[in-house]
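Asker: I have a structure here, written as structure tokens, and I will follow up with some questions on it.
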Amino acid sequence: MNMSDFALIVPEIFVLTMASVILVIDAFLHSDRREIFYLLALTTLFGAIILTWVNHFDGRALGFNGTFVVDTMADVLKFVIYLVTAAIFVYSRQYLKARDLFKSEFYILGLFAVLGMMILISAHSMLTVYLGLELMSLSLYSMVAFNRNNVLSSEAAMKYFVLGGFASGVLLYGMSLVYGVSGTLDLAGVSEYLAAQQSFSAPILLGMVFIIVALAFKLGAVPFHMWVPDIYHGSSSVVTAFISTSAKLAVFGFSMRLLIEGMGIMQDSWRDILIILSVLSLLIGNIVAIAQTNIKRMLAYSTISHVGFILLGFIAANPEGYSAAMFYTVTYAITGAAAFGIVILLSREGFEADNIDDYKGLNYRNSWYAFLMLLVMFSMAGVPPMVGFYAKLLVLKAVIGQGMYWLAIVAVLLSVVGAFYYLRVIKVMYFDGAEDRNKIIVGSGVHAVLSSNALLALLLGLFPGTLISLCLTAIS
Amino acid sequence: MVEKIYLAIPLLPLFGAIAAGLFGRYIGRSGAHWITILSVLGSFVLSTIVIKHIIFDHASVYNEAIYIWMISDGIRFEIGFLIDELTALMIGIVTFVSLMVHIYTIGYMRDDPGYQRFFSYIALFTFSMLMLVMSNNFLQLFFGWEAVGLASYLLIGFWHQRETAILANLKAFLINRVGDFGFLLGIAVIFAYANSLDYAEVFAKAENLSLQTINIFAGSEWNVITMICILLFIGAMGKSAQFPLHVWLPDSMEGPTPISALIHAATMVTAGIFMVARMSPLYELSETALNFILMIGSITALFMGLLGLIQYDIKRVVAYSTLSQLGYMTVALGASAYGAAIFHLMTHAFFKALLFLAAGSVIIAMHHEQDMRKMGGLKKYMPITHWTSLIGCLALIGFPLFSGFFSKDSIIGAVQYSDLSAANTAYMALLAGVFVTALYSFRMYFMVFHTRDRMDEHTREYLTETSWVVTMPLVLLAIPSIFSGFIFEPIVFGEFFSRSIHVADSHNVLNELGSTFEGIQGFVMHAFSGPVTYLAFAGVGVAYWIYVIKPQFAVDMQHRFNLIYKFMDNKYYIDHLYINVFSVAGRAIGKVLWKLGDNVVIDGFIVNGSARAMGWLSNVLRHLQTGYLYHYAFAMIAGMIALISMFVIAVNI
């Protein structure tokens, strides 16, 4: 370890310091002046953006004896996490105030979760992976339980914690098997060890299966998806937004490090597992979403189906596929943030706006937000020229490039099924009469952020080139 | 600089159309006509500059892309202009006739509530037609082709409250669809075999294509060029109203007469003629296609002229005359006398525009009465209309020294020299056509302007010459109707089109005709040595005898040959064939497919059936989500065990 190692983790140090500072200030500050936490939290994220930007270089650097890595993929993912988290923080203010939940803990936990994500994305040793993952997960568990007077919220937190603990255990067991056989925690070391093998022994295969199960749990792939609808539904909308977007980006990084960098050589062994997980996710996600009347549950199942698509990119098992999966994840995070942003925005005290019926006649109440929701739904359904179209196209292209036509056909057919429930939201907004005639009150800051968030889904769809090439450089 | 001029020529009318169409409410009636007239005037002035530049200064041919839309698989899709003598002449005709129409419309549509809309349509039409003739590639040609079709559809159905107008525009649209289908297939074959949409590139490959064959049905080999030429010509048959796709044109007279009629008759229908002339490098390679064109043209020229004999509606006489004259142009194309065809197109544009506007003038004066049986003796009430109509009729029948004389005689002379197998038949049909043309033209002329007054008292009382906005275009059109024939020598015989039109040496009939040419005087004298002029005179004489001296004769003939009369009155039953056979059969097939295919199989089984199945599955699967933590944990463990077992089985621990 030397001083240059610390240069690599400047953004992480900054976020940690700021989170601690807010924690300390909280003890001395009067409860009327909570706006300060909010502003400090946003400052932290913007500071992190700047630091990551300044710290960025082309190439790849390892630090702390190879346990920590900084490369383009890590920087891009972190960058998107900051942005998406900042947007969700902006959306959250009004929501939390209305429920008397506007407390510093939310932002402190959020920042710690972001720190965990950053470590997870940059992890290059199984130990760092676990460290980042647990920091992120523990913060998220608390955030889900944050609205502690709400029964649904407490129940969700309980389920998330127990099942998450189970998944952690499985992950640890898998990692210990891999460590036991290969004798190293370093991902590069694991990869080297695997490359030297003629055939893979049973313990290493078992370890791989355990690791994949944990990944599948964190991603929310069927059949390890059971927590997703309940947690999405039970948590406050702001927490749901956070889990489904920022955390998804981190888990993508987690999968890339562990599965591709560490065990990429075993692709012939894990590919079949991923195919099963992917097809099941597409199937269950898209079909069960149809029956949902709650938009948060619907979006939960929609997430499951998107995970199916992301897994398709991994299944292609080449840089093209990985970058397509990355593009998919990034754009999903952006559109997901906008979708939950609208859900958050339409809710008010005592009313969560989480039933699809609550969107009836939105066009007549506020045509701009209806239009933004339309953009988001079109993007998720994969309608050109929205970015969701390119995301699906790239993934499918990667799969077809590998000659797996049947998989592409299944994915396309099931996304046609999926189009139904996205379009239903649009239909309800534009063609049904409004039941709720309450005025929608939105601050100008939120309005601007949400509008640019949703329009980004259109803009990236019209000009996808930059992001696509960024993802390609990040992977190669 | 020239690009800017070329670009401005079509864009000015488009601007006018948008202004009058979308903002008509704000700019008002006079605003709408000023803006469109000035924009078309602008195009006309620019066109004359282009004509001077290309034709008189012999500037080099302009063939450039203005805008590249996309490049896909190496094939360029672009907007570009090809400006040579042919284009220059066409844009001159189009903008001039269009300008006349615009001015005339002020008078004709004065009281119509859709005033601005009408100006928007005719300006849009002008834009489309200009895009068509200026194109340098098939894509833009097709765009212009369809756009004029759209404008024509809108114009014919302009009075959309009228049942007949709606029927007529539907008919025009559907019949043109048949033609356009052929046209599009032709472009598709070009695309498939030449791998380009650019005229110049396709022409360069034409020689090579003529050596290839295409297998449509098993065992029948077609030459690719013949295939392309005939398919493209089917498009021209629709647009230029050639037999048997001519049925829409007489009905199109439902539009506000005679403006839209004129648009169709003098301008739009020439698109097909223009297209074939433009594609001469292709047509020259296929004698089969040329023979086909000759046959179609001569059938149209003679038989459509015959129908003009029995019409009483003044517009319809002019409409059938148009069909017949288009047949002449088509025959000229088939005989490879492209120069003569284009020349006849030009002279015809002038005198047919004149005749249409004169008919319109009569109709205005008669308070929208169109039946010639209720006219007569208008000469004394409407002197300007009368004299200009006479000029139009003389030009139409090819009276010596009038413009039509030169163009028509060149065509007939050229066909005489053609060696194609269908040329003899065509020649006979055209000769008969000359007599028929003279007969129906002067039948109309005598019935309208001479003979005793047959209108009612009320109409007669108010019968006066129409206002200057109507008569001015008449006079302006009468001038070229007389004199435009004198410039025929360079166009028909000379090198005028040498840069635009390619004629194979073996087909060069105009050259042969030109070798006997000894000045205009000689040409006129020569005409008296052949049958053509005498036939025209005979037609006029017979018309005078039947309709002025012995009106009873026509009625007697009608009774005696009642069967033939009925056959012609029903337009040879072609409409019946289309409506009662094709259309009924088409609807029957459609109904079966709708009831069985769409309602039962697609909607019932595939669409709703799969939707129901998904809904059911969704409702079943959602029950897996019980909400119990131990169920969730169990599912995870079960999943994990299943995945592990895969490897247990695979590795055989």
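Only the coordinates and a few stated rules stand behind these numbers; no lab work does. This one's a predicted model, so the numbers in the text were calculated from it and none came from an experiment. Here the Cβ is made from the backbone with ideal geometry for all residues, glycine too, and neighbour counts use every protein chain on show.
Asker: Give a residue-ordered list of calculated ³J(HN,Hα) values for segment B:88-99 (Karplus: 6.51 cos²θ - 1.76 cosθ + 1.60, θ = phi - 60°; whole Hz; x for Gly, Pro).
Answerer: 4, 4, 5, 5, x, 4, 4, 5, 5, 4, 4, 4
Asker: Assign unit charges at the C-beta atoms only (+1 for Lys and Arg, -1 for Asp and Glu), then state the dipole size of the protein assembly as shown relative to its Cα centre in Debye, rounded to the nearest 20.
Answerer: It comes to approximately 2520 debye.
Asker: Rounded to the nearest 500, what is the 222 nm mean residue ellipticity of chain B from helices alone, with -39500 (n - 2.57) per DSSP H run of 4+ residues and division by all residues?
Answerer: So the calculated ellipticity at 222 nm is -22000 deg cm²/dmol.
Asker: Can you list the HN-Hα couplings for segment B:207-215, worked out from phi with the Karplus curve (6.51, -1.76, 1.60; θ = phi - 60°), rounded to whole Hz and with x for Gly and Pro?
Answerer: Listing the rounded values in order: 4, 5, 5, 5, 8, 8, 10, 10, 9 Hz.
Asker: Using amide H atoms built in the peptide plane, which far-off residues or other-chain residues are under 5 Å from B:Glu78 H to H?
Answerer: Those lying under 5 Å, H to H, from B:Glu78 are B:Trp69.
Asker: If I require 30 Å or longer along the helix axis, counting alpha carbons, and a Kyte-Doolittle average no lower than 0.5, what helices from chain A are left? Use full DSSP H segments.
Answerer: Taking the DSSP H segments of chain A (at least 30 Å long, mean hydropathy at least 0.5), we get A:72-98, A:151-182, A:267-290, A:295-316, A:319-346, A:405-431.
Asker: Let me check against my output: what whole-number percent is the relative contact order of segment B:437-588, with C-alpha pairs under 8 Å and at least 6 apart?
Answerer: Relative CO of segment B:437-588 lands at 44 percent.
Asker: How high is the FRET efficiency from B:Lys591 to B:His458, r the C-beta distance, R0 56 Å, rounded to 0.05?
Answerer: 0.65
Asker: Return one number: the angle in degrees, 0 to 90 and rounded to the nearest 10, between the long axis of the Cα atoms of helix B:287-308 and the longest principal axis of the Cα atoms of chain B.
Answerer: Between helix and principal axis, roughly 60 degrees.
Asker: Counting other Cβ atoms within 10 Å of each Cβ, which GluC sites (Glu not before Pro) in segment B:1-104 have at most 11 and sit in a DSSP loop?
Answerer: When the GluC sites (Glu not before Pro) of segment B:1-104 are filtered for loop state and at most 11 Cβ neighbours within 10 Å, nothing remains.
Asker: Could I have the simple spin-label model distance between B:Asp419 and B:Ile75, label points 7 Å from Cα toward Cβ, reported in nm to one decimal?
Answerer: About 3.7 nm separates the two model spin labels.
Asker: Please list the non-local residues whose amide H lies under 5 Å from the amide H of B:Asn223, H modeled 1.01 Å from N, same-chain partners needing a gap of 5 or more.
Answerer: Amide H to amide H, under 5 Å and 5 or more residues apart or across chains, B:Asn223 pairs with B:Ile214.
Asker: Return the calculated 222 nm mean residue ellipticity for chain A, to the nearest 500 deg cm²/dmol, obtained by summing -39500 (n - 2.57) across DSSP H runs with n ≥ 4 and dividing by the residue count.
Answerer: That comes out to -26000 deg cm²/dmol.
Asker: Please state the Cα pair-distance histogram of the protein assembly as shown with 10 angstrom bins from zero: what percent is in each bin?
Answerer: Values per bin, smallest distances first: 2, 9, 15, 15, 12, 10, 11, 11, 8, 5, 2, 0, 0.
Asker: Moving on. Hey, could you pull the Cα Rg and Dmax for segment A:261-382, both in Å?
Answerer: My reading of the Cα-based Rg and Dmax gives 17.1, 55 Å.
Asker: With a cut-off of 18 Å, note down the residues of segment B:388-422 whose backbone N falls inside the zone around a label point 7 Å from the Cα of B:Val542 toward its beta carbon.
Answerer: B:394, B:396-399
Asker: Relative to the longest principal axis of the C-alpha atoms of chain B, give the angle of the C-alpha long axis of helix B:531-544, reported between 0 and 90° and rounded to the nearest 10°.
Answerer: 80 degrees
Asker: For the charge dipole of chain B, defined by +1 on Lys and Arg C-beta atoms and -1 on Asp and Glu C-beta atoms about the Cα centroid, which residue among B:Gly392, B:Asn291, B:Cys229 has the Cα displaced farthest towards the positive pole?
Answerer: Sorting the options by dipole projection puts first B:Gly392.
Asker: A follow-up question, please. Relative contact order for segment A:3-475 using alpha-carbon pairs under 8 Å, separation at least 6, rounded to a whole percent?
Answerer: This gives 15 percent for segment A:3-475.
Asker: Let me ask something else. Would you list which aspartates and glutamates come within 15 Å of B:Lys374, measuring only between C-alpha atoms, while excluding same-chain residues fewer than 8 positions from it?
Answerer: List returned: B:Asp313, B:Asp453, B:Asp456, B:Glu457, B:Glu461.
Asker: Given a Förster distance of 51 Å, report the FRET efficiency between B:Leu401 and B:Ala65 from their Cβ-Cβ distance, rounded to the nearest 0.05.
Answerer: About 0.70, to the nearest 0.05.
Asker: Quick one: if you stick a label point 7 Å off each Cα along the C-beta vector at A:Tyr364 and B:Leu577, how many nm between them?
Answerer: Spacing of the two 7 Å Cα→Cβ label points: 5.7 nm.
Asker: Counting Lys and Arg as +1 and Asp and Glu as -1, each charge on the Cβ, what is the dipole of segment A:36-188 about the Cα centre in debye, to the nearest 20?
Answerer: Dipole of segment A:36-188, to the nearest 20 debye: 480 debye.
Asker: Inverting the mean 1/r over all pairs of different Cα atoms, compute the Kirkwood radius of segment B:612-653 and quote it in Å.
Answerer: 12.4 Å
Asker: Sticking with this structure for a sec: Where in segment B:475-528 are there GluC sites (Glu not before Pro) that are in a DSSP coil and have at most 16 other Cβ atoms within 10 angstrom of their Cβ?
Answerer: B:Glu495, B:Glu518
Asker: Net charge near A:Ala408: determine it from the other residues with C-beta under 11 Å of the C-beta of A:Ala408, scoring Lys and Arg +1 and Asp and Glu -1.
Answerer: +2
Asker: Sequence gap at least 6, Cα distance under 8 Å: using those rules, report the relative contact order of chain B to the nearest whole percent.
Answerer: The normalised contact order for chain B reaches 11 percent.
Asker: Taking the Cα centre of chain A as origin, sum charge times position over the Cβ atoms of Lys and Arg (+1) and Asp and Glu (-1), and report the length of that vector in debye to the nearest 20.
Answerer: In debye, rounded to 20, chain A gives about 900.
Asker: Of B:Tyr417, B:Ser484, B:Gln552, whose Cα points farthest to the positive end of the dipole of segment B:404-558 (charges on the beta-carbon: +1 Lys, Arg; -1 Asp, Glu; origin at the Cα centre)?
Answerer: B:Gln552
Asker: At most 16 other Cβ atoms within 10 Å and a DSSP loop assignment: could you name the chymotrypsin sites (Phe, Trp or Tyr not before Pro) in segment B:278-385 that fit?
Answerer: B:Tyr312
Asker: What Kirkwood Rh does segment A:3-475 have if only Cα atoms enter the pairwise 1/r average? Answer in Å.
Answerer: One over the average 1/r among Cα pairs gives 22.3 Å for segment A:3-475.
Asker: Could you tell me which residue out of A:Leu42, A:Ile441, A:Ser255 lies farthest along the dipole of segment A:3-475 toward its positive end? Charges go on the beta carbon: Lys and Arg +1, Asp and Glu -1, centred on the Cα centre.
Answerer: Final value for the positive-end residue is A:Ile441.
Asker: In nanometres, what is the gap between the two model label sites at B:Lys52 and B:Ala633, each 7 Å from Cα along Cα-to-Cβ?
Answerer: It is 9.6 nm.
Asker: Sticking with this structure for a sec: Can you compute the FRET efficiency between A:Ala202 and B:Val620 using 1/(1 + (r/R0)^6), with r the Cβ-Cβ distance and R0 = 30 Å? Round to the nearest 0.05.
Answerer: 0.20
Asker: What ³J(HN,Hα) values, in whole Hz, does the Karplus curve 6.51 cos²θ - 1.76 cosθ + 1.60 give for segment B:379-389 when θ = phi - 60°, with x put for Gly and Pro?
Answerer: 3, 6, 8, 10, x, 5, 4, 4, 5, 5, 5
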